[in-house]
Amino acid sequence: MELEKKELKLSNGKTAWYEYDRDGDVLEIIFQPAEATGAVELTESIILRFDWGSNEPLSLSLISFSRLLQANPYGEVHFQLLADEWPDEVRDKIWPMLQKTPLSEFLKLSGYAPAHTHQIIPMATIKQPYLMPQAA
Amino acid sequence: MRKWFVHDSDGREIYLTDERWEHIQIRHSELKNRLDDVLNTVRRGKRRQQPQDPQAFVYRLRCDTLRPPFNAILVVVVFRFESQENNGNMIPNNFIVSAWGIVMRQ
C-alpha cells in the first residue's frame, strides 16, 4: 500500500495535505490530524470526518477518486448530497461547514430542480482538481 | 503479509491485509480494535456499487457498539483481477481498501 502525499496551501494560509492510495483509488484530504468525533457520507463517494464539538472539518475522503474527475460532455459533474441520511443534529453542523473554508475550497454547493416538482436537491461539485494527483 | 478472508452475503471472497487494517486503525480510530465489526460489515452489510466505478462497492452496516455518535460502519471494497504467475490465468483480487465509522439517521 503506497500513499502519494502532497501539501496543499489553503486560501486562509493554513496547510492541508492529501494522501492518494492509487491501488485503492481513494484520496484523503486532511485538514487537521485530530481524532474525528463525527463522520458522514456527504455523497455516495465522499466522506467527511469532523470534530463534533468545534464543528471543524478534519478530512475529506474521495472514493474512486480518478473516476470522479473524469471529463464528461456536459461540463461539471454534480454529486447529490445525501442530506436525507444525516441526522438532524448533524445537518445543523454540516451545512455551515460546507459553506466556508476549507471545505468550500474543494466542494462547490448547488441545487438541482427536477422537472415537475418543487423539491430542490442539494448537490456538490469537486473543485480544484489541479491540486490533485493525476488520475490512475 | 497477513490477510483476513471473508465472504459477503452473495459468497464473494474478499480479503483485508494487515497493512490496510493498521492504516484504518490509525486514521479512523473509531474502528480501533473493531476488526470483527469491519469484517462483519462485509459479511452482512448492504452493498452498493459506486456510480462512477463499476469495480468499487460500498458495504454499510449499522453498528450500535461504536463510540457515539458513530452508529454504522462503511467499508470500501474493490473487485479486480490479477494474473496467476504460473499460467497467466486471471483470478479475482477483491480487497478492502478502507473503512470508516459514520453517523447515519436512525
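Which far-off residues, 5 or more places away or on another chain, put their amide H under 5 Å from the one on B:Gln50, with H placed in the peptide plane?
HN-HN under 5 Å from B:Gln50: B:Ala56, B:Phe57, B:Val58.
Explain nothing, just compute: Karplus ³J(HN,Hα) = 6.51 cos²θ - 1.76 cosθ + 1.60, θ = phi - 60°, for every residue of region B:53-61 in order, whole Hz, x for Gly and Pro.
With the stated coefficients, region B:53-61 comes to 9, x, 9, 10, 9, 10, 10, 10, 8 Hz.
Residue by residue through region A:107-117, which ³J(HN,Hα) values in whole Hz follow from phi under the Karplus form 6.51 cos²θ - 1.76 cosθ + 1.60 (θ = phi - 60°), with glycine and proline marked x?
Values per residue, Gly and Pro as x: 10, 10, 7, 7, x, 10, 10, x, 5, 6, 8 Hz.
Using modelled backbone amide H atoms (1.01 Å from N, in-plane), which distant-in-sequence or interchain residues come within less than 5 Å of A:Leu8's amide H?
Result for A:Leu8 returns A:Ala16, A:Trp17, A:Tyr18.
Across region B:36-52, in residue order, what do the Karplus-derived ³J(HN,Hα) couplings come to in whole Hz, using 6.51 cos²θ - 1.76 cosθ + 1.60 with θ = phi - 60° and x for Gly and Pro?
4, 5, 5, 5, 5, 5, 6, 5, 10, x, 6, 9, 9, 6, 6, x, 9
Pairs B:Lys3/B:Lys32; A:Lys6/A:Lys93; A:Lys9/A:Lys127; A:Lys5/B:Lys32; A:Lys14/A:Lys100; B:Lys3/B:Lys46: which exceed 19 Å Cα-Cα?
A:Lys6/A:Lys93; A:Lys5/B:Lys32; B:Lys3/B:Lys46
Using a 10 Å cut-off around each Cβ of peptide A:52-63, what is the average number of partner chain Cβ atoms that fall inside?
Shielding by partners across A:52-63 averages 2.
With Cβ to Cβ distances under 12 Å as the rule, what net charge do the other residues near B:Asp18 carry (K, R +1; D, E -1)?
Neighbourhood net charge equals +1.
Rounded to two decimal places and with Rh computed the Kirkwood way over Cα pairs, what is Rg over Rh for the protein assembly as shown?
Rounded to two decimals, Rg/Rh equals 0.96.
Please arrange A:Ser66, B:Ser83, A:Ser59 by how many other C-beta atoms lie within 10 Å of their C-beta, fewest to most.
In order of increasing Cβ crowding within 10 Å: B:Ser83, A:Ser66, A:Ser59.
With only alpha-carbon atoms counted, please give the Rg and Dmax of region B:3-102, in Å.
Cα only, region B:3-102: 14.0, 50 Å (Rg, Dmax).
Using amide H atoms built in the peptide plane, which far-off residues or other-chain residues are under 5 Å from B:Asn94 H to H?
B:Tyr15, B:Arg80
Would you mind pulling out the separation of the Cα centroids of region A:1-75 and region B:67-88, in Å?
19 Å
Only the coordinates and a few stated rules stand behind these numbers; no lab work does. A quick note: this is a predicted structure, and the numbers were derived from the prediction, not measured. Don't worry about glycine lacking a Cβ; one is built from the backbone with ideal geometry, like all the others, and counts go over all protein chains shown.
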